[in-house]
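Below is one structure, written out as structure tokens; the observations come after it.
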Amino acid sequence: AQSVTQPDIHITVSEGASLELRCNYSYGATPYLFWYVQSPGQGLQLLLKYFSGDTLVQGIKGFEAEFKRSQSSFNLRKPSVHWSDAAEYFCAVQNTGNQFYFGTGTSLTVIP
Amino acid sequence: KAGVTQTPRYLIKTRGQQVTLSCSPISGHRSVSWYQQTPGQGLQFLFEYFSETQRNKGNFPGRFSGRQFSNSRSEMNVSTLELGDSALYLCASSHPGQPYGYTFGSGTRLTVV
């Protein structure tokens with residue numbers, strides 16, 4: 001069965017520091033992987049997606065993610081965090097039947 | 001290109017009442033999915049509609065229902081509201097069969113009192 005695990009419920013980083021949010025998935029075939037961000041009271045915004053090819057994908061707002069098949073991971077990174085990046089981040093996997101499975105989310109706090 | 005539109009944004013209902021939420025997908029998107037989001041349970045899949053047919057269904061009681069119209073607009077209905085139904089209800093549209101990911105609406109915040 002497909003599943004997504006985000007091991008970190010909450011992360012705090014200083015503004016300007018680097019960020020890595022972890023995501024592990026369980027899926028039998030090559031997965032379609034996504035990262036979404038949610039600001040309080042808002043819907044989810046797509047940050048980036050991986051289908052195939054280059055395992056390092058670039059997204060919006062300076063985010064990138066790397067797909068590692070051997071580790072079943074799709075970690076999200078940003079070299080320098082801005083205060084406006086404070087939000088909830090969700091990793092998701094899509095199967096060929098157009099079903100999506102979301103992780104439980106990682107809440108990011110940015111301190112000045 | 002307009003995004004996914006959900007109405008209303010906020011709703012307060014009394015326990016035992018029923019409620020209908022509306023979702024207009026991105027033009028050309030024929031798949032609409034609904035999610036319930038609560039602090040304790042996270043994002044939980046309700047159902048997916050494609051071409052006016054429910055294609056997938058999550059593990060929710062029969063009080064939760066939905067439908068999709070020929071223009072791909074979707075509604076979801078919750079009958080006999082319970083306090084635990086208070087949540088952010090998110091609608092998302094996508095290209096079925098294409099790994100483009102969901103595009104989400106801003107959600108409807110339902111509060112049951």
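Per the accessible-area calculation with a 1.4 Å probe, the total area buried between chain A and chain B rounds to 1500 Å².
Interface residues of region B:71-113, defined as those with an accessible-area decrease of at least 30 Å² between the chain by itself and the complete set of protein chains (probe 1.4 Å), are B:Pro99, B:Tyr100, B:Gly101, B:Tyr102, B:Phe104, B:Ser106. Roughly to the nearest percent, how much of the accessible area of chain B is carbon and sulfur, given a 1.4 Å probe? Of all accessible area on chain B, carbon and sulfur atoms account for 47 percent. Surface exposure of region B:9-113, expressed per residue as accessible area with a 1.4 Å probe, stands at 45 Å².
For region A:41-58 versus region A:82-112, the inter-centroid distance based on Cα atoms is 10 Å.
The contact residues of region A:72-112, meaning those that lose at least 40 Å² of 1.4 Å-probe accessible area when all protein chains sit together rather than their chain alone, are A:Asn98, A:Gln99, A:Phe100, A:Phe102.
Of the GluC sites (Glu not before Pro) found in region B:1-93, those in coil by DSSP whose Cβ has at most 14 other Cβ atoms within 10 Å are B:Glu52, B:Glu82. Considering only A:Pro79, A:Pro40, A:Pro31, the Gaussian network model of chain A with Cα springs below 10 Å gives its largest mean-square fluctuation to A:Pro40. Counted by Cβ distance under 15 Å from A:Ser26, the other residues give a net charge of +3, where Lys and Arg count +1 and Asp and Glu count -1. Phi angles of region A:48-62 translate, via the Karplus equation with coefficients 6.51, -1.76, 1.60 and θ = phi - 60°, into HN-Hα couplings of 6, 8, 10, 10, 5, x, 3, 7, 9, 10, 9, x, 7, 6, x Hz per residue; Gly and Pro are given as x.
I need the calculated FRET efficiency for the pair A:Glu64 and B:Thr38, taking r as the beta carbon distance and R₀ as 22 Å, to the nearest 0.05. Don't jump to the answer; show the numbers that get you there.
Values: r = 30 Å, r/R0 = 1.39.
So, using R0 = 22 Å, E works out to roughly 0.10.
Rolled with a 1.4 Å probe across the full set of protein chains, the surface gives A:Lys49 an accessible area near 80 Å². DSSP beta bridges fully contained in chain A are about 85 percent antiparallel. Summary value for chain B: 36 percent relative contact order, contacts being C-alpha pairs under 8 angstrom separated by 6+ residues. Lysine pairs in the protein assembly as shown with Cα distance under 21 Å, only those 8 or more apart or on different chains: how many are there? Lysine pairs meeting both conditions in the protein assembly as shown amount to 7. Pairs of Cα atoms nearer than 8 Å and 6+ residues apart set the relative contact order; for chain A it is 37 percent.
Net charge near A:Val110: determine it from the other residues with C-beta under 11 Å of the C-beta of A:Val110, scoring Lys and Arg +1 and Asp and Glu -1.
That sum, taken over residues with Cβ under 11 Å, equals -1.
Think of chain B as having a plus end and a minus end, set by charges on the Cβ of Lys, Arg, Asp and Glu; of B:Thr7, B:Thr20, B:Gln54, B:Thr7 sits farthest toward the positive end of this dipole.
The values are calculated or read from the model by the stated rules, or taken from the named source; none is laboratory data. As the structure is a prediction and not an experimental result, all values here were calculated from the model. Here Cβ is always computed from backbone atoms with ideal geometry, including for glycine, and neighbour counts include all displayed protein chains. These accessible areas exclude ligands, DNA and RNA; they are computed on the full protein's heavy atoms, side chains included. Shrake-Rupley method; radii C 1.70, N 1.55, O 1.52, S 1.80 Å.
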